[in-house]
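Derivation of every value follows stated rules applied to the coordinates shown; laboratory data play no part. Remember, predicted model here, so these are calculated numbers, not experimental data. Glycine gets a Cβ as well: all are built from the backbone with ideal geometry, and neighbour counts include every protein chain shown.
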Amino acid sequence: MISTYGPIALVGSGEYLEHMAELEAELIAGRSNRYVQIATAAVPDGPAVVTKWHRLGREQAERIGVEAVILPIETREDADNPAIAHQVRDAGLIYLSGGHPKFLADTLRDTLVWREIENAWRAGSALAGCSAGAMALTSWVPSLRHPIRGGAVGLGLLPQLRVIPHFDVFGARISDLAARFLLPKDEEHSFVVGIDEDTALVGGPGDWVVRGRQSVWHLSHDSRTQYRVNETLHTPS
């Protein structure tokens, strides 16, 4: 298969909300009108929360004039269901919404659904992850409760990145010293980025632009570098 990678959006917060509709519309513009939505990360929070994300997703799809395709994936068995995985094909935009990043990564890793997501993205579909969804797209999921220790294996689509969403909220609690423990030893090939709420890092795998209303931050071993809306950021790819 020839790779024509679609855009990736790593979103700090705000999936399916009206003030983020412009971003989601731009991601799907010129592509299939099938907006595939996966709320798996919310499953540990209970059916009511999953139902809420499904409702918000449908409302956003209606707002931007596309078809919402809700994939009910709660278990690895669901993620290996060929009938569910088939619905990923020909998606214009695939969105992994927020919740629990480790649960999301553990549920999708090495399944038919994840294989179809990767294939669709490589063939040109847009792919977005918000909060837990953004974290899970990398190779490592940090623990926001225990930033110095803890973490889990992600889905590995963006092995060069580590993502901290809601950074304007969580960043205020994480000292620069603590943040340095999130950094890989081989900094040359990895970036830790903090993404503020209602803000997205769009592009990939190596060239990105900041969208939304706040900032993205690159955390290095000795500093934090701020990238404002419409500024570009280059990461190892």
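Here the Gaussian network model covers the chain, with springs between Cα atoms less than 10 Å apart; of L23, L201, L104, L23 fluctuates the most. The R224 and R115 beta-carbon pair, evaluated with R₀ = 41 Å, returns a calculated FRET efficiency of approximately 0.65.
Relative contact order, whole percent, for the range 12-127 stands at 35, derived from Cα pairs under 8 Å and 6 or more residues apart.
When Kirkwood radius over Cα pairs in Å is calculated for this entry, the matching label among (i) 20.0; (ii) 17.5; (iii) 19.3 is (ii).
Here the Karplus curve 6.51 cos²θ - 1.76 cosθ + 1.60, taken at θ = phi - 60°, turns the phi angles of the range 51-63 into couplings of 4, 4, 5, 5, 5, 4, x, 5, 5, 5, 4, 5, 4 Hz, with x standing for Gly and Pro. Across the chain, C-alpha contacts under 8 Å between residues 6 or more apart give a mean separation that, scaled by the residue count, equals a relative contact order of 22 percent.
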